[in-house]
Amino acid sequence: MHSLFKTLLDIFYPLHCSGCSTRGNVLCGNCIDTFRPVEEDTTCPICGRLIGKSLLCGQCMEEKRTFRRGYFGFYFEGRLRDTIHAFKFSGRRDAGRHLVRLVEQRLRGFADTFDCIVPLPVTEKRLLERGFNQSFIIGEEIAKITGKEIYPSVLMKTRKTQDQYTLSKDERKKNIRGVFTVKNNSIIKDKRVLLVDDLFTTGYTAQEASRVLLKSSAGEVIFFALARTPS
């Protein structure tokens with residue numbers, strides 16, 4: 001019965017690769033083979049910048065990041081970028097979940113360094129427009145893998161911001177300053193929080209969210225993103 005149902009589903013709703021649109025899978029092997037992982041032994045342990053070895057980069061020393069450690073899946077380029085876009089803008093939640101599963105082993109490797117998961121929030125208007133928060137989908141899958149609690153309503157975004165990639169460095173800092181607030185900080189009091197997002201660019205969003213979480217009594221914050229822009 002299951003086989004028949006799957007066959008009928010494939011006929012009427014054929015699955016297409018979220019990276020290249022070929023029929024058959026959520027993500028095809030050809031696309032996955034092009035994904036370039038962010039290797040921990042060649043990158044900055046906080047922001048994931050490629051520097052040839054695991055060493056704190058100049059920018060992280062200068063910025064004094066509020067999150068203690070950063071973990072990243074892949075570089076935001078090529079078919080991986082197309083997959084993230086399909087996930088984020090075309091409703092391909094299955095693609096987001098599949099990407100998390102591709103880094104499952106890495107997630108299990110640092111699961112003992114955090115107590116709970118907090119997704120980066122979107123505004124209510126954006127949530128209504130898109131139908132879901134992509135960071136929650138990622139966090140939910142991480143929760144399934146690690147068995148850790150996810151708190152999707154602790155961190156809230158109070159106003160709409162411009163897309164960070166359209167702004168200069170100084171504008172990005174001003175754009176994101178003061179946009180997050182914590183609701184019911186007793187939930188995260190003294191806990192090690194894994195802050196989750198889909199994409200890391202300059203890090204200002206993660207920086208501001210971490211600052212607010214720490215100010216609201218979180219013990220410490222580490223960060224995870226499915227992708228980061230190439231250095």
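No value in this document is a laboratory result; all are computed from the given coordinates. No experiment lies behind these values; they were computed from the predicted model shown. In this analysis, Cβ positions are derived from the backbone assuming ideal geometry, glycine residues included, and neighbour counts consider all displayed protein chains.
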Sort Cys31, Cys116 so that the residue with the fewest other Cβ atoms within 10 Å of its own Cβ comes first and the one with the most comes last. Cys116, Cys31
Separation between Cα centres of segment 91-146 and segment 29-83, rounded to whole Å: 18
Which pairs break 28 Å Cα to Cα here: Lys88/Lys173; Lys148/Lys173; Lys88/Lys174; Lys157/Lys189; Lys53/Lys183? Lys148/Lys173; Lys53/Lys183
For segment 77-189, size of Cβ-based charge dipole, Lys and Arg +1, Asp and Glu -1, in debye: 340
Can you tell me how much longer the chain between Arg108 and Asp170 gets when fully stretched, taken as 0.36 nm per residue apart minus their C-alpha distance, in nm with one decimal? 18.7 nm
How much length is gained on full extension from Leu15 to Ser90, taking 0.36 nm per residue of separation minus their Cα-Cα distance? 25.6 nm
Residue order, fewest to most surrounding Cβ atoms within 10 angstrom, among Glu124, Glu140: Glu124, Glu140
Output the relative contact order of segment 115-210, whole-number percent, from Cα pairs under 8 angstrom with separation of 6+ residues. 40
So, with +1 on the Cβ of K and R and -1 on the Cβ of D and E, and no other charges, what is the size of the charge dipole of the chain about its Cα centre, to the nearest 20 debye? 560
Sites Arg97 and Lys125 - FRET efficiency at Förster radius 41 Å, r taken between beta-carbons, to 0.05: 0.95
In what order do Lys144, Lys191 fall by count of nearby beta-carbon atoms within 10 Å, going from fewest to most? Lys144, Lys191
How much length is gained if the chain between Ser217 and Arg159 is pulled fully straight, taking 0.36 nm per residue apart and subtracting their Cα-Cα distance, in nm to one decimal? 18.6 nm
What is the sum of charges, Lys and Arg at +1 and Asp and Glu at -1, for the other residues whose Cβ falls under 13 Å from the Cβ of Val212? +4
Mind giving me the nanometre distance, one decimal, between the label points for Asp41 and Asn184, set 7 Å out from Cα along Cα→Cβ? 4.4
Length-normalised contact order of segment 39-228 in % [C-alpha pairs under 8 Å, at least 6 apart]: 26
Compactness check, the chain: C-alpha Rg relative to the 2.2 N^0.38 Å globular estimate gives 1.03
